Amino acid sequence: MFPPITDAAPWDSLRRDDAALRPGVDAVCARHRLGAPEVTRLAGGSVPVYALGERYALKVFPPGEAAYARTEARALAAVAGRIPLPTPALVAADSLDDWNYVLMSRLPGRLLSEVWTALGADERDRLADELGAGVAALHALDVAPMGELTADWGAFLAAQRATAVERQRARGLDERWLAQIPAYLDAWMPPVEGPRALLHTELMREHLLVAQGPRGWAVTGLFDFEPAMVGAPEYDLASFGLFVACGNGRFLRRALRSYGYAEGALDGVWQRRVLAYALLHRYSNLRWYLERLPAPGAASLDELAAHWWPLDG
């Protein structure tokens, strides 16, 4: 039902070919007795995601990416009903024609990225409080049962540090920034020891849903747990600052206080440590960050840390 990936039909083109993927989607609907829902391709994502009517969403993974499907299913099961942020309910995780899929409930609301500019300061404050507490609850979950999501954190950090410069060079980062990375990580490399948490790893406005309710805007969904892992909690806060707060110091400080940080812990040392996590991140791309959140006049990584994770709210 799902098409084979071949030289003539490579994944890069096939992932955009809904006509080729649709028989597999219909077969999944039939397998799980969903009837004939309206099928709509949802925007974004590294793999195809479909809305199946108002109740369900389907994420399909090509051959060779079964591990990501397992991670998504395991993480959704781990967070279900255990944190205040709504997450998709896992309906099924299975395979068809060497493809894997995750069938989940569909959450209501609009992407935070779509409504951000329309939100007033008080509305953003409420969302900051809600998200800070919600991420804290995620990070407070017991990770003992999550063995398959737990890698050797020390080995992971060491490998990311060893390849940090070359990974950024491959993504087109300017040499003036590349030259600073080794000394910066020498100074601000996060410790291997410390608490472990279930990490979403890609906290961003594009992975958060919000809707208006009786008390104003509220979070109605956190989704896309495909790259989840167990590791140091501040690893998640690198993406939160870059892609949820997006340089808004008032929002970031308020969310971090709601998360549980003491006032005195939010300083330049914290900023520099979180930038180190951003450099070590699995999907780190400083060239793109500079395009998304320009830092005019910044000449050092220390200055980028202060600009991208401002604490002046």
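The values are calculated or read from the model by the stated rules, or taken from the named source; none is laboratory data. In this text, all values refer to a predicted model and were calculated from it rather than measured experimentally. Cβ placement follows ideal geometry from the backbone for every residue including glycine, while neighbour counts extend to all protein chains displayed.
In this structure, Y261 does satisfy being under 29 Å from I83 (Cα atoms), modelled with pLDDT of 95 or more, out of contact with any Leu (no Cβ under 9 Å at 6 or more places or on another chain) and not charged (D, E, K, R).
Residues that are farther than 17 Å from V49 by Cβ, acidic (D, E) and either in contact with a Cys (Cβ under 6 Å, 6 or more places away or on another chain) or not in a helix (DSSP H, G or I) (or both) within segment 85-144 comprise D97, D98, D142, listed in sequence order. Residues that are surrounded by fewer than 18 Cβ atoms within 10 Å (Cβ to Cβ), assigned to a loop (DSSP other than H, G, I, E, B) and out of contact with any Cys (no Cβ under 9 Å at 6 or more places or on another chain) within segment 282-310 comprise R282, Y283, N285, P294, A295, P296, G297, A298, A299, S300, listed in sequence order.
Would you check if there is a residue in segment 251-269 being hydroxyl-bearing (S, T, Y) and either over 20 Å from the mean Cα position of the chain (by Cα) or not assigned by TED's automatic domain parsing to the domain that holds G120 (or both)? Yes - at least one qualifying residue is present in segment 251-269. Could you go through segment 284-306 and let me know if any residue there is over 21 Å from S113 (Cα atoms) and touching a Pro at 6+ places or on another chain (Cβ under 9 Å). The answer is no, given that none of the residues of segment 284-306 is over 21 Å from S113 (Cα atoms) and touching a Pro at 6+ places or on another chain (Cβ under 9 Å). Taken over segment 170-186, the criterion of being touching a residue at least 24 places away in the same chain (Cβ under 8 Å) and assigned to a loop (DSSP other than H, G, I, E, B) is satisfied by R171, G172, L173, D174, Q180. Comparison of M229, M204 shows that the only residue that is hydrophobic (A, V, I, L, M, F, W, C) and surrounded by fewer than 18 Cβ atoms within 10 Å (Cβ to Cβ) is M204.
Scanning segment 40-51 for residues that are over 16 Å from S105 (Cβ atoms) and surrounded by fewer than 16 Cβ atoms within 10 Å (Cβ to Cβ) turns up R41, A43, G44, G45, S46.
Candidates are the residues of segment 18-56 that are over 25 Å from the mean Cα position of the chain (by Cα) and assigned to a loop (DSSP other than H, G, I, E, B); the one that is nearest to V91 (Cα to Cα) is H32. Within segment 65-88, residues that are free of Cβ contacts under 8 Å to residues at least 12 places away in the same chain sit with their Cβ atoms under 9 Å from residues that are surrounded by fewer than 19 Cβ atoms within 10 Å (Cβ to Cβ), at 6+ positions apart or across chains, in these pairs: A80/A89; G81/A89. Just give me the residues in segment 253-270 being among the hydroxyl-bearing types (S, T, Y) and either assigned to a helix (DSSP H, G or I) or more than 11 Å from L311 (Cβ to Cβ) (or both), in sequence order. Selection gives S258, Y259. The residues in segment 82-100 that are out of contact with any Ser or Thr (no Cβ under 7 Å at 6 or more places or on another chain) and at pLDDT 95 or above can be counted, and the count is 13.
Check segment 220-231 and report whether any residue there is within 18 Å of H307 (Cα to Cα) and among the aliphatic types (A, V, I, L, M). Taking every residue of segment 220-231 in turn, none turns out to be within 18 Å of H307 (Cα to Cα) and among the aliphatic types (A, V, I, L, M).
Within segment 106-129, the set of residues being small (G, A, S), under 30 Å from R70 (Cβ atoms) and crowded, with 18+ Cβ neighbours inside 10 Å comprises just one member, G109. The set of residues in segment 187-236 that are of a type in the set (S, T, Y) and either closer than 17 Å to A276 by Cβ or part of a loop (DSSP other than H, G, I, E, B) (or both) comprises T201, Y235. Across segment 90-105, the qualifying residues are those that are surrounded by 15 or more Cβ atoms within 10 Å (Cβ to Cβ) and either charged (D, E, K, R) or without any contact (Cβ under 8 Å) to a residue 40 or more places away in the chain (or both), and the one among them that is nearest to D26 (Cα to Cα) is A93.
Number of residues in segment 130-145 that are crowded, with 17+ Cβ neighbours inside 10 Å, under 18 Å from the mean Cα position of the chain (by Cα) and not small (G, A, S) equals 5. The set of residues from segment 163-181 being within 30 Å of A78 (Cβ to Cβ) and either loosely packed, with under 11 Cβ neighbours inside 10 Å or among the hydroxyl-bearing types (S, T, Y) (or both) comprises just one member, T163.
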